[in-house]
């Protein structure tokens, strides 16, 4: 057995990717399973990342003309039933409220009482309840467009859950808009996919493919579903955000009608779009390494942590003021339009352990400051993305820290893009396609596969054939030029092609 | 019949206060009842006020060392049962989830299916689920204190609902902390009551009395409950925020224990504290008038609205650029630490109607700009709090607008404080006390009463006697000096006194 480098996270990505993911979450103290089936507890460090995501997205939504509102958690069962595909899509995973109080049971303890006349569903998504309000609010073309967003929790009763990626309850935002024309609604759908892609690439440093979902993967009730798809380090795809053109389906089911400029009563056009705490999972799996979480500076709760090192009170009295003045100077600098986020960590914990805590939590820059650094007017700088450690003159560090954070942000994006490019291939041949998605040793399903591009026809037969490989059609890229040829799966002539992958 | 001044809101406060309240909400487009029993829809203008409240409170929580986290929406029924008083307090108003899917019923339509082994309660508050996590996280005194906050929705099945003040689902924040000592937990309870009082007075411009609740009004399971109580314009009290010292009650019920510095295993001390969207209702009832909503500038979604006035394209081409440059200059100014929030409203609506929309929505300052104002380098300024309207030189307005907003903020506080002082009285006599709380004409329950201060002993007999007047003990003020004498209700000797009022 060869010598193995010790890593903070065990197992490593190569050894067991799914377990590595859980261990990164644990080591970074991001979240924990809760005693409630399928529900997680998001701990402060994990929630701070989500808050940074929220703040950025919220600003982008407002800049594109949207306002926030809040609609009820509960949806009457009859509302859900109005759109046939929609209820079909969600009926199997609904939390159902049937009673409105508890009372002492015949055998002691409490039992549900006060049965509701109509059961209430805990919202899995809010098209139907928001649509009911739209039907009241939309009377004339002058009332349009309505551009709303809601930050909230939703519940989809999942049987197999995984932290951040798939939980029974999750946090998200759902945009809901109503328009007078099809063109405007389609434009909105495209605009919000763009917002998501920009956010993923510029803030999460996560390259994405923008594309349209095929029929089998569409949102229940949508005419078209658009997606951004990212490649994780195990080369699986992760759907990171979706934007749905709902056509007039929900407008017809819910009577969202208005008088147009010619006095005609017509149905409106609606859209919806959402991203969730799943993005935190995507962030973890895109950048983290075998020492734990790696955070792009734009979303990191802290940019810099300062770790004072001293052996006695005398040293402490010298080192601490140096650290404090350093913190003050750093906090006077600005990155991504806001002051640098700096922590001075003077907790009474062994230096090595403390340093590793911040490595595992993904803080972009660490400064260890001891008497020697003081004497040299220097800082001992640790960079999380490259692992580089070196002594830097204090003045040089202060002059360069903002561009260094920008460099880290770019570097993380470049690394992720390189991985995506390296593992994206065109296929004209079924055997090669199958080999691409087949682990070399089925007993040990190490990392394999990636994004496969191939011609296809959009039929259930193709999806059936993909099932044996556990591969799905991720999307038809928006910029996909037609490529005349044959469907890889059925041999039928086609010029359409798509991206295929195993997926979360 | 005398000549009546026309007001935008009908009825007026004097005519029918409860209905006036509903009409202000409607005229300002703050919220609407939803098709789901007891749940409201918070519309963009109302939600923007809540967002401003959230942003300020969140900053104050973080400045006092708290971090945000997120815990499950659902609480297993058995968790709720652990603290006897707690479950007793909430059992009658719980939304209970009993099934996790829907399936086609025997008579068509859908029916709940997939019965849960243990029913889940939609959180009415999260002491029990958060306590279960605290029990895992707290092992040693080194783990303490834990200072968390959660922004979320909660559900309490209310039979009689009123928008913002009492709804089945509402939005709130709940702080939950664990401490090693009683003193620290009591200090935290007091600190957070202070944060709430500061927020109410400095941001909401709403004077409050800080006090302790009597036994009958305590949070179920708390040792002490502290409150801030405000007087609405109908002289009723509104409990605006509470901070609970939970002692070791929840720690014992949930086994939150730790090893102290001497190696002893001991129970921890916990607190919880919360404010909700009820504060929006308090804001409405504190400042609004018979023309609609009045907003303190610090919480107003917009500080200034600019209303261009023109009769033709020629005038438009002159007026609009003037308005736009005015907006740009205003947005360059800073109020309460952030840029002024300015709207240029060029919608195609009659000028008078548009102006009234902004009056009814409570925008602090309105600027009507027509060709005449342009010619005079002036703005026609309307001030929402006083109703004052006058032409002001543009340069003078720009030089004074920030101090004008500060003046409005102060003026609203002063007005509310004046009302509170005018209607707060000391009582030594039961007949006078009863008369204070009795409408002159019971057929027409116009505005009456206020805050009555009187000596009391904390017994159920007193509360019983108060019931006939529909009056409750609001609190024992924190700064209440003992005043030896007799209980107003029982005649027993006592030096304790409290504030009594009818309340929301």
Taking a cut-off of 26 Å, what percent of all Cα-Cα pairs in segment B:1-154 are separated by more than that? 56 percent
If I model a spin label as a point 7 Å beyond the Cα along the Cα-Cβ vector, how far apart are those points for residue B:438 and residue B:353 in nm? 5.1 nm
Contact order relative to length for segment B:304-404, counting C-alpha pairs under 8 Å separated by 6 or more residues, stands in percent at 30 percent
For residue B:261 and residue A:311, what does the FRET efficiency come to when R0 = 25 Å and r is the distance between their Cβ atoms, rounded to the nearest 0.05? 0.60
Over the whole of B:151-160, what's the average partner chain Cβ count within 10 Å per residue? Rounded to a whole number, please. 3
Assign one of three labels to segment B:17-287, namely rounded, prolate or oblate, based on the Cα gyration tensor with a ≥ b ≥ c the square roots of its eigenvalues; rounded applies when a/c is under 1.5, prolate when it is not and a/b is larger than b/c, and oblate otherwise. oblate
P(r) of segment A:301-420 over all Cα-Cα pairs, binned every 10 Å from zero, in whole percent: 13, 46, 32, 8, 2, 0
In nm, one decimal, shortest first: how far is the label point of residue A:334 (7 Å from Cα along Cα to beta carbon) from the matching points in the other copies? 1.0
Kirkwood hydrodynamic radius of segment A:30-111, from inverse mean 1/r over distinct Cα pairs, in Å: 17.4 Å
What ranking do B:417-425, A:493-501, A:264-272 get when scored by the average of other Cβ atoms within 10 Å per residue, highest first? A:264-272, A:493-501, B:417-425
Between segment B:273-291 and segment A:117-173, the Cα center-to-center distance that results, in Å: 27 Å
What list of whole percents do you get for P(r) of chain A, with Cα-Cα distances grouped in 10 Å bins up to the one holding the largest distance? 4, 16, 24, 24, 18, 10, 4, 1, 0
Given the Cα-Cα distance of residue B:19 and residue B:318 and 0.36 nm per residue of separation, how much length would full extension add, in nm? 103.3 nm
Provide the FRET efficiency to the nearest 0.05 for the residue A:478-residue A:187 pair, computing r from the beta carbons and using R0 = 22 Å. 0.95
Beyond 17 Å, what share of the Cα-Cα pairs of segment A:374-504 remains, rounded to the nearest whole percent? 68 percent
Just need the relative contact order of chain B here, percent rounded to a whole number, with Cα pairs under 8 Å and 6+ apart. 14 percent
Mind pulling the angle between the C-alpha long axis of helix A:278-287 and the longest principal axis of chain A? Nearest 10 degrees, somewhere in 0 to 90. 40 degrees
Where does each of B:120, B:57 land when they are ranked from fewest to most other beta-carbon atoms within 10 angstrom? B:57, B:120
With axes computed from alpha carbons, what is the tilt in degrees of helix A:394-422 against the longest principal axis of chain A, rounded to the nearest 10 within 0 to 90? 40 degrees
At each listed q (0.21 Å⁻¹), what is the log10 of I(q)/I(0) that the Debye formula gives for segment B:184-331 modelled as equal alpha-carbon point scatterers? -1.20
For segment A:232-278, state the average projected area of the convex hull of the C-alpha atoms over all orientations, rounded to one decimal in nm². 5.0 nm²
What relative contact order, as a whole-number percentage, does segment B:17-287 give when Cα pairs under 8 Å and 6 or more residues apart are counted? 20 percent
Order the peptides A:296-304, B:305-313 from the highest to the lowest mean number of other Cβ atoms within 10 Å of their residues. A:296-304, B:305-313
Ordered shortest first, which distances in nm separate the 7 Å Cα→C-beta label point of residue A:311 from those of the other copies? 8.9
For residue A:377, label point 7 Å along C-beta direction: distances to other copies, nm: 5.1
In peptide B:63-72, how many Cβ atoms from other protein chains are near each Cβ within 10 Å, on average? 6
Pull up the DSSP beta bridges for the protein assembly as shown and report the antiparallel fraction as a percent, rounded to 5. 85 percent
Per residue of A:406-414, count partner chain C-beta atoms within 10 Å of its C-beta, then hand back the mean as an integer. 0
Out of the DSSP beta bridges found with both residues in segment A:301-420, what percent are antiparallel (nearest 5)? 60 percent
Which order do peptides A:484-492, B:287-295 fall in by mean Cβ count within 10 Å, highest first? B:287-295, A:484-492
Among DSSP beta bridges lying fully in segment B:424-501, give the percent that are antiparallel, nearest 5. 75 percent
Label the protein assembly as shown by shape, choosing from rounded, prolate and oblate, from the square roots a ≥ b ≥ c of the eigenvalues of the Cα gyration tensor; if a/c is under 1.5 it is rounded, and otherwise prolate applies when a/b is larger than b/c, oblate when it is not. rounded
Whether segment B:445-504 is rounded, prolate or oblate, judged on the alpha carbon gyration tensor where a/c under 1.5 counts as rounded: oblate
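Only the coordinates and a few stated rules stand behind these numbers; no lab work does. The structure presented is a predicted model; accordingly, all values stated were derived computationally and were not measured. Note: ideal-geometry Cβ built from the backbone for every residue, glycine included; neighbour counts use all protein chains shown.
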